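Data first, discussion second: the structure below is written as structure tokens.
The values are calculated or read from the model by the stated rules, or taken from the named source; none is laboratory data. Nothing here was measured: the structure is a model prediction, and the numbers come from that model. Here the Cβ positions follow ideal geometry from the backbone for every residue, glycine too, while neighbour counts run over all protein chains shown.
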Amino acid sequence: MRYVNQLAEQIEKLAVTAKRVRPHWGARNIREPQVHRMACNVRIPIASTIYAALDRQMLPRRAPSVVHA
């Protein structure tokens, strides 16, 4: 059974590795090279699924918000 935001372990590892190599990249930028590199029969997840996988690994570190006085 497949669930929403569930990834194959190999694809999740690719996303996590890409984020560690390029920490300024977001889920969309991580997804695009995988789409072009993978074979046609491999389904690449959408950006929100990649973001959820990165979030599980606590990788999308957001910059602190700036409060303007």
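Results, tabulated for the structure shown:
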read-out: Cβ pairs under 6 Å, 6+ apart, first in the stretch 13-37 and at negative phi, second outside any helix (DSSP H, G or I); value: VAL16/GLN57; LYS19/LEU59; GLN34/ILE44; VAL35/ILE44
read-out: Flag for PRO45 being under 10 Å from the mean Cα position of the chain (by Cα), modelled with pLDDT under 70 and surrounded by 10 or more Cβ atoms within 10 Å (Cβ to Cβ); value: no
read-out: Set VAL67, VAL4, VAL16, VAL35: member being part of a loop (DSSP other than H, G, I, E, B) and either of a type in the set (Ser, Thr, Tyr) or modelled with pLDDT of 70 or more (or both); value: VAL67
